[in-house]
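For reference, the structure is listed below as C-alpha cells.
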Amino acid sequence: MTEQGNGISADQAPQLNVLAQYTKDFSFENPHAPQSLAPQEQGPNINIQVNVNARQVTESEFEVSLVLEGSALSKEITLFKFELNYAGIFRLRNIPAAELQPVVMIECPRLLFPFARQIVGEAVRNGGFPPLYIDPIDFMALYRQRLAEMQPANSTPS
C-alpha cells in the first residue's frame, strides 16, 4: 500500500473513473429543407436547454445523462431542432456521502459535455448549417439552481 503526499493510501484516495460513455438517444431535424438552407437576412434565434439526470446502478457506479435540446428559428420557421441524451457510467469510490451528489451532478456532466458538444456541432454542420458550438456550461450553477428549485418555498412565520 503506497501513501500519497497527504498521508492517504492510494486505496483510500477519492476516485472518479469513467467506465463508459455513449449516446442513449439522438435526434436531428431539418424540417423545412431545402428552404431553410437559403441565406437568411439575419441570424437565427437559437434556444438551448440543458438537463442532468443521474441514477445509481450499483453501490459505487452511477449513470449520468446529459440532455441537450435545442432549436434554431428564423422568421417563425424552424431551421433545425436537436435532442441529445449523452450518458456515461462513472465509478465513485472513497467519496464522503455529503460530497457524492455534487460530484455526480457537477463533475460527471462536466466530463461528458465536450463529447456531447462535438456531437451537436457535427450534426448541425451535417444538416447543412454552420456548426453550432455550445458555450461551456457552468454545471455548479445549474446544480445550485436545481437545489434552490427543490427547496420548499420560504414561508413567513405566523
Handout entry: Test: residue in the range 130-147 that is closer than 23 Å to Gln15 by Cβ, in contact with a Gly (Cβ under 7 Å, 6 or more places away or on another chain) and either of a type in the set (Val, Ile, Thr) or surrounded by 16 or more Cβ atoms within 10 Å (Cβ to Cβ) (or both)
Key = no
Practice task
Look at the range 37-58 and say how many of its residues are outside any strand (DSSP E or B), modelled with pLDDT of 95 or more and under 18 Å from Glu83 (Cβ atoms).
Solution key: 0
Handout entry: Matching residues in the range 59-78 - criterion: being modelled with pLDDT under 95 and of a type outside the set (Gly, Ala, Ser)
Key = Glu59, Leu73, Lys75, Glu76, Ile77, Thr78
Practice task
Within the range 22-36, work out how many residues are assigned to a helix (DSSP H, G or I) and within 10 Å of Phe80 (Cβ to Cβ).
Solution key: 1
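For (1) polar (S, T, N, Q); (2) out of contact with any Phe, Trp or Tyr (no Cβ under 8 Å at 6 or more places or on another chain); (3) farther than 29 Å from Leu79 by Cβ; (4) in a helix (DSSP H, G or I), each residue gets a yes or a no:
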position	(1), (2), (3), (4)
Glu99	no, yes, yes, yes
Phe113	no, no, no, yes
Ala116	no, no, no, yes
Val120	no, no, no, yes
Val124	no, no, no, yes
Leu132	no, yes, no, no
Ile137	no, no, no, no
Tyr143	no, yes, yes, yes
Completion exercise
Counting only residues in the range 118-129 that are loosely packed, with under 14 Cβ neighbours inside 10 Å and more than 17 Å from the chain's Cα centre (by Cα), the one nearest to Asn30 (Cα to Cα) is identified as Gly128
Exercise for the section: Given the conditions (1) part of a strand (DSSP E or B); (2) without any contact (Cβ under 8 Å) to a residue 60 or more places away in the chain; (3) among the hydrophobic types (A, V, I, L, M, F, W, C), report the number of the one that Leu84 does not fulfil. Expected result: (2)
Problem - Of all residues making up the range 21-64, the number that are of a type in the set (Phe, Trp, Tyr) and over 19 Å from Leu132 (Cβ atoms) - result: 2
Exercise for the section: Answer yes if at least one residue in the range 9-20 is under 22 Å from Asp135 (Cβ atoms), surrounded by 12 or more Cβ atoms within 10 Å (Cβ to Cβ) and at pLDDT 95 or above, and no otherwise. Expected result: no
Problem - Looking only at the range 48-87, and only at residues there that are aliphatic (A, V, I, L, M), out of contact with any helix residue (DSSP H, G or I) (no Cβ under 7 Å at 6 or more places or on another chain) and exposed (fewer than 15 other Cβ atoms within 10 Å of the Cβ), the one that is farthest from Leu112 (Cα to Cα) - result: Leu73
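The values are calculated or read from the model by the stated rules, or taken from the named source; none is laboratory data. Everything numeric in this text was worked out from a predicted model, so none of it was measured. Cβ coordinates were reconstructed from backbone atoms using ideal geometry, including for glycine residues, and neighbour counts include every protein chain displayed.
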